[in-house]
Amino acid sequence: MMDIEFVKETCITAGCHIIFMIPKSVKEEFQRTHESFYCPFGHGMHYPAKTPEEKLREQLALEQKGKIDAQTRLAQKILEVQTLENKIKEVSTAFDSCKSEEEKLKKRLKDVKKGIKARTEGELDDYVKKRLETKTEQKRDNSGKFAKKQ
């Protein structure tokens, strides 16, 4: 023989408030499905509250959503880091290229300065030579001054 366990239920309709008994398994089914049922006087009733099982499912769904959100944020941060690393590599490459260019320009500047110095010294040497030649070509007059040769 099967024992059926009954539980008390109260109709909450205004003016009714009858207390009646229903099988525990039926009450649990109504709570799970949120279906309507009726008190002995025909007032409609239902269990709108979530069952502990529903609450746990929702909590699990929220936690899974939170986990997915956290994974999404983590993936975004990883992508950000990779993007920044790539930019650093680009800047580093550009910096190395600029540094190499700078070294080439410094060498070229040094060569140009040497050329200017050599040319200037050569022109100065030519100028000095011409002055010396001019002086030797000049004759001394009686007053002790140099006179230009005509």
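Residue by residue, here is whether (1) charged (D, E, K, R); (2) within 18 Å of I4 (Cβ to Cβ); (3) surrounded by 13 or more Cβ atoms within 10 Å (Cβ to Cβ); (4) free of Cβ contacts under 8 Å to residues at least 12 places away in the same chain holds:
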residue	(1), (2), (3), (4)
M21	no, yes, no, no
V26	no, yes, yes, yes
F30	no, yes, yes, no
E35	yes, no, no, yes
C39	no, no, yes, no
H43	no, no, yes, no
K50	yes, no, yes, yes
K55	yes, no, no, yes
Q59	no, no, no, yes
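Residues in region 1-21 that are more than 17 Å from P48 (Cβ to Cβ) and part of a strand (DSSP E or B): F6, V7, K8, I19, F20, M21.
Residues in region 35-56 that are among the aliphatic types (A, V, I, L, M) and assigned to a loop (DSSP other than H, G, I, E, B): A49 alone.
Coordinate-derived values only; no laboratory data. As the structure is a computational prediction, the values presented were derived from the model and not from experiment. A quick note on method: Cβ atoms are made from the backbone with ideal geometry, for glycine too, and the neighbour counts reach across all protein chains shown.
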